[in-house]
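Novice: Have a look at this one.
The values are calculated or read from the model by the stated rules, or taken from the named source; none is laboratory data. This structure is a prediction, so every number in the text was calculated from the model and none was measured. Every residue, glycine as well, gets a Cβ built from its backbone with ideal geometry; the counts of neighbours run over all protein chains shown.
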Amino acid sequence: MIPMGRAVGIKLFADGVLVVATSDLNTGKHSPAENCGLKEGDLILRINDEEIRSTEQFQSVLQESGETPVTLTVRRGSKTSEVETGAVLCSDGIYRLGLWIRDSMAGIGTLTFYDPETGSYGALGHGITDVDTHVLMPLSAGSIMETSVRAVKKGQRGEPGELKGDFSVQRDVGTVSANTAAGIFGTVSDDGFAGDAQPIPVAEAEEVHLGEATILCTVSGDCTESYRVEIVRLCPEKQDMRNLLLRVTDQRLLDTTGGIVQGMSGSPIIQDGKFVGAVTHVLVNDPTQGYGILMENMLKMAG
């Protein structure tokens, strides 16, 4: 696998519309959404027999239906069911159910690996969840884009930092086919995407040890650099994305970012010339430290 460390823009579109919240209406009536049992985190797949792909489409069908009851096909966890409800005409002339919904998200993250033989990639080292519901975003379609890091909000104790990318001149370079707990995965469409980077062996879990390592990340423009870190704890048996704990020791990175910041998730971890894993989370109370997932575990989820 080729370790990347390249910042990319990420766009995901949900398989339906995600319920972010329910609320009462300004008519004084209770929310029809709550009355029919809808909850935060539910995924609405259809209204009557029409598949829903966007919030705009959902609202359009609702306006056309008026006060005529509609049947919603809803997925909650692994179960799918149907509920019947009816919209209420509000004072602004719009029919509403008392729902806040979302159909997509966009952000910046770090590409972890690229397989030159298949054109496949993995990024982030953790799944993309909805910011309000914390539910893993159910994927309909997605893409990764070229981006440049234009600014860094430095991490401080109790306040995670953040990479800020420039999406104004964006070009899709690949698709997203899976959003899993261990990262996003897909295929790169640009043959020259990896440049002249070379593949390295993937470390097995028992080969990873405490001590010096490096991470690859992009914290300025489109320049990917290597920075020194130290692996301070190993938890390979953990089933989540916290298989190891690392501390940033490179003063250049500490001066620029304060340590691990949002957007660096997916940064490859290399030790003894082998591909160990990827950075996944920052410690909120100590931005100089962060968790990582073993590459071995990330690849299992990649299929």
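Novice: Picking from 176, 202, which residue would you name as being at negative phi, in contact with an Asp or Glu (Cβ under 8 Å, 6 or more places away or on another chain) and touching a residue at least 60 places away in the same chain (Cβ under 8 Å)?
Specialist: 202
Novice: Between residues in segment 279-295 that are part of a loop (DSSP other than H, G, I, E, B) and residues that are of a type outside the set (S, T, N, Q) and modelled with pLDDT under 95, which pairs lie under 7 Å by C-beta distance while being six or more apart or on different chains?
Specialist: From segment 279-295, the pairs are 284/158; 284/160; 285/157; 285/158.
Novice: Based on what the data block shows, is residue 13 surrounded by 15 or more Cβ atoms within 10 Å (Cβ to Cβ), over 30 Å from residue 263 (Cβ atoms) and among the aromatic types (Phe, Trp, Tyr)?
Specialist: Here the answer is no, as residue 13 does not meet what is asked.
Novice: Being of a type in the set (S, T, N, Q) and either exposed (fewer than 14 other Cβ atoms within 10 Å of the Cβ) or within 30 Å of residue 52 (Cβ to Cβ) (or both) is the filter here; which residues of segment 122-170 pass it?
Specialist: Result: 129, 133, 140, 143, 147, 156, 168, 170.
Novice: Looking at 252, 247, which one is outside any helix (DSSP H, G or I), surrounded by fewer than 24 Cβ atoms within 10 Å (Cβ to Cβ), modelled with pLDDT of 95 or more and in contact with a strand residue (DSSP E or B) (Cβ under 8 Å, 6 or more places away or on another chain)?
Specialist: None of the other options fit; the residue is 247.
Novice: Sticking with this structure for a sec: Would you mention how many residues in segment 165-195 are modelled with pLDDT under 90 and not in a loop (DSSP other than H, G, I, E, B)?
Specialist: 4
Novice: For segment 3-21, does any single residue satisfy the condition of being of a type in the set (Val, Ile, Thr), farther than 30 Å from residue 204 by Cβ, outside the structural domain of residue 122 (by TED's automatic domain parsing) and more than 20 Å from the chain's Cα centre (by Cα)?
Specialist: no
Novice: From 7, 21, 33, which residue is surrounded by 18 or more Cβ atoms within 10 Å (Cβ to Cβ) and in a strand (DSSP E or B)?
Specialist: That would be 7, the only listed residue that is surrounded by 18 or more Cβ atoms within 10 Å (Cβ to Cβ) and in a strand (DSSP E or B).
Novice: Of the residues in segment 41-77, how many are within 18 Å of residue 20 (Cα to Cα) and in a loop (DSSP other than H, G, I, E, B)?
Specialist: The total comes to 6.
Novice: Follow-up question, since we're still on this one. Residues of segment 196-218 being assigned to a strand (DSSP E or B), surrounded by fewer than 16 Cβ atoms within 10 Å (Cβ to Cβ) and touching a Phe, Trp or Tyr at 6+ places or on another chain (Cβ under 8 Å), which ones?
Specialist: none
Novice: Then there is this: Among the listed residues 259, 277, 273, 290, which satisfies the condition of being surrounded by fewer than 24 Cβ atoms within 10 Å (Cβ to Cβ) and in the same structural domain as residue 148 (by TED's automatic domain parsing)?
Specialist: 273
Novice: If we keep just the residues of segment 36-50 that are charged (D, E, K, R) and in contact (Cβ under 8 Å) with a residue 12 or more places away in the chain, which is surrounded by the most Cβ atoms within 10 Å (Cβ to Cβ)?
Specialist: 42
Novice: Same structure again: Can residue 71 be described as surrounded by 17 or more Cβ atoms within 10 Å (Cβ to Cβ) and either charged (D, E, K, R) or outside the structural domain of residue 141 (by TED's automatic domain parsing) (or both)?
Specialist: In short, no.
Novice: Could you please tell me which pairs satisfy a Cβ distance under 6 Å, a separation of 6+ or placement on different chains, a first residue in segment 106-129 that is in a loop (DSSP other than H, G, I, E, B), and a second residue that is surrounded by fewer than 18 Cβ atoms within 10 Å (Cβ to Cβ) and not β-branched (Val, Ile, Thr)?
Specialist: 127/136; 127/181
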